[in-house]
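The values are calculated or read from the model by the stated rules, or taken from the named source; none is laboratory data. Note that the structure is a prediction, hence the values are computed from the model and not measured. Reconstructed Cβ throughout: ideal geometry from the backbone, glycine too, with neighbour counts over all protein chains shown.
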């Protein structure tokens, strides 16, 4: 049973985590939700579309302007409070690697800390325990936040991802985080080249076999763009193909830009697998 905030999800539930970037320089939305009004509209839209979780971020993942903790908090803490007030039952995640930011967003109403840089701040897991929050434990190969990989090598990228994320998950539990609220993430593109991300997708069932629920963030990533030779705004089909493979292998949470399309893929895979009934069946019966 996966528990995020006060909500519990069945073991066969596949969850959509919608991205809401409070940044002026996001690689995908180009700052369209930097201001609070459009950002709240985005939350309303994805909730209407069926998102189970919203993931709010205040810093672009890639290189760019230096953003200190105070500025990151200015972008996300008040916004988390506003989202919580309007959507009391929504699972709210915040994408941050900083423990001081994590503490303040949890106080504002966040349920989940999405540590996208793999324990770079070792105090973040302690904050999750202190605040009774969930946490995502991510594999980045010890990459420094907001840096791009350069000639990175692994003897076995899947084995490395399993070893590091499981260690982070076990440490979080040892600090007091509820094990039902700990997820692991192979982190496609982060600290990896395209071959690494493809290998992780192909062998994702090995991460699932650890027993920790797996989150994947595939949406419009560079490994999709390089595989298909497509720019950022033309990667949806490739993203959905990777989503279907990940769902078949057993990933539980999908961090995405396109909620409706992702939900349909996940529902189709679940129905083929036999864990969801078709919405209707009339063909050949009438």
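Residues 241, 247: which one is under 19 Å from residue 196 (Cα atoms) and either in contact with a helix residue (DSSP H, G or I) (Cβ under 8 Å, 6 or more places away or on another chain) or modelled with pLDDT under 95 (or both)?
247
Taking residue 286, is it at pLDDT below 95 and either assigned to a helix (DSSP H, G or I) or on the phi < 0 side of the Ramachandran plot (or both)? Step through it out loud before you land on a result.
Numbers: at pLDDT below 95: yes; either assigned to a helix (DSSP H, G or I) or on the phi < 0 side of the Ramachandran plot (or both): yes.
Yes: the conditions hold for residue 286.
Give the residue that is farthest from the chain's Cα centre (by Cα), with candidates limited to residues of segment 240-261 that are within 19 Å of residue 275 (Cβ to Cβ) and in a loop (DSSP other than H, G, I, E, B).
Of everything passing the filter in segment 240-261, 250 is farthest from the chain's Cα centre (by Cα).
Within the group 58, 5, which residue is in contact (Cβ under 8 Å) with a residue 24 or more places away in the chain and in contact with a helix residue (DSSP H, G or I) (Cβ under 6 Å, 6 or more places away or on another chain)? Even if it seems obvious, please write down each step before you answer.
Values: 5 fails: in contact with a helix residue (DSSP H, G or I) (Cβ under 6 Å, 6 or more places away or on another chain).
Of the residues listed, the single one that is in contact (Cβ under 8 Å) with a residue 24 or more places away in the chain and in contact with a helix residue (DSSP H, G or I) (Cβ under 6 Å, 6 or more places away or on another chain) is 58.
Among (1) out of contact with any strand residue (DSSP E or B) (no Cβ under 7 Å at 6 or more places or on another chain); (2) surrounded by 14 or more Cβ atoms within 10 Å (Cβ to Cβ); (3) touching a residue at least 24 places away in the same chain (Cβ under 8 Å), which single condition is residue 31 missing?
Here residue 31 clears every test but (3).
Inside segment 85-104, can you point out the residues that are in contact with a strand residue (DSSP E or B) (Cβ under 8 Å, 6 or more places away or on another chain) and closer than 17 Å to residue 138 by Cβ?
93, 94, 95, 96, 97, 101, 102 - these are the residues of segment 85-104 that are in contact with a strand residue (DSSP E or B) (Cβ under 8 Å, 6 or more places away or on another chain) and closer than 17 Å to residue 138 by Cβ.
Take the residues in segment 206-217 that are part of a loop (DSSP other than H, G, I, E, B) and under 13 Å from the mean Cα position of the chain (by Cα); name whichever of them is farthest from residue 30 (Cα to Cα).
Once the filter is applied, the top-ranked residue is 213.
Any residue at all in segment 32-39 that's out of contact with any helix residue (DSSP H, G or I) (no Cβ under 6 Å at 6 or more places or on another chain), outside any loop (DSSP other than H, G, I, E, B), within 17 Å of residue 146 (Cα to Cα) and modelled with pLDDT of 95 or more?
Within segment 32-39, not a single residue is out of contact with any helix residue (DSSP H, G or I) (no Cβ under 6 Å at 6 or more places or on another chain), outside any loop (DSSP other than H, G, I, E, B), within 17 Å of residue 146 (Cα to Cα) and modelled with pLDDT of 95 or more.
Filtering segment 171-202 down to residues that are under 26 Å from residue 62 (Cα atoms) and assigned to a loop (DSSP other than H, G, I, E, B), which residue is nearest to the chain's Cα centre (by Cα)?
Residue satisfying both the conditions and the ranking: 187.
Among the residues of segment 93-123, how many are free of Cβ contacts under 8 Å to residues at least 60 places away in the same chain, closer than 14 Å to residue 76 by Cα and assigned to a loop (DSSP other than H, G, I, E, B)?
Residues flagged as free of Cβ contacts under 8 Å to residues at least 60 places away in the same chain, closer than 14 Å to residue 76 by Cα and assigned to a loop (DSSP other than H, G, I, E, B) within segment 93-123 amount to 5.
Looking at segment 232-266, which of its residues are free of Cβ contacts under 8 Å to residues at least 40 places away in the same chain and more than 19 Å from residue 28 (Cβ to Cβ)?
Listed by number, the residues that qualify are 244, 248, 264.
Just checking, how many residues over segment 46-55 are free of Cβ contacts under 8 Å to residues at least 40 places away in the same chain and surrounded by 15 or more Cβ atoms within 10 Å (Cβ to Cβ)?
Of the residues in segment 46-55, 1 are free of Cβ contacts under 8 Å to residues at least 40 places away in the same chain and surrounded by 15 or more Cβ atoms within 10 Å (Cβ to Cβ).
Restricting attention to segment 8-31, which residues are under 17 Å from the mean Cα position of the chain (by Cα) and assigned to a strand (DSSP E or B)?
Across segment 8-31, the qualifying residues are 9, 15, 16, 17, 18, 19, 20, 21.
Here are some conditions: (1) out of contact with any strand residue (DSSP E or B) (no Cβ under 7 Å at 6 or more places or on another chain); (2) closer than 21 Å to residue 136 by Cα; (3) touching a residue at least 60 places away in the same chain (Cβ under 8 Å); (4) assigned to a helix (DSSP H, G or I). Residue 220 meets all but one. Which one does it not meet?
Checking residue 220 against (1) out of contact with any strand residue (DSSP E or B) (no Cβ under 7 Å at 6 or more places or on another chain); (2) closer than 21 Å to residue 136 by Cα; (3) touching a residue at least 60 places away in the same chain (Cβ under 8 Å); (4) assigned to a helix (DSSP H, G or I), the one that fails is (4).
Exactly one condition in (1) touching a strand residue (DSSP E or B) at 6+ places or on another chain (Cβ under 8 Å); (2) at pLDDT 95 or above; (3) under 22 Å from residue 185 (Cα atoms) is not met by residue 109; state its number.
Among (1) touching a strand residue (DSSP E or B) at 6+ places or on another chain (Cβ under 8 Å); (2) at pLDDT 95 or above; (3) under 22 Å from residue 185 (Cα atoms), residue 109 violates only (3).
For segment 178-216, give me each residue that is surrounded by 18 or more Cβ atoms within 10 Å (Cβ to Cβ) and over 19 Å from residue 154 (Cβ atoms).
Matches in segment 178-216: 181, 182, 183, 212, 213, 215.
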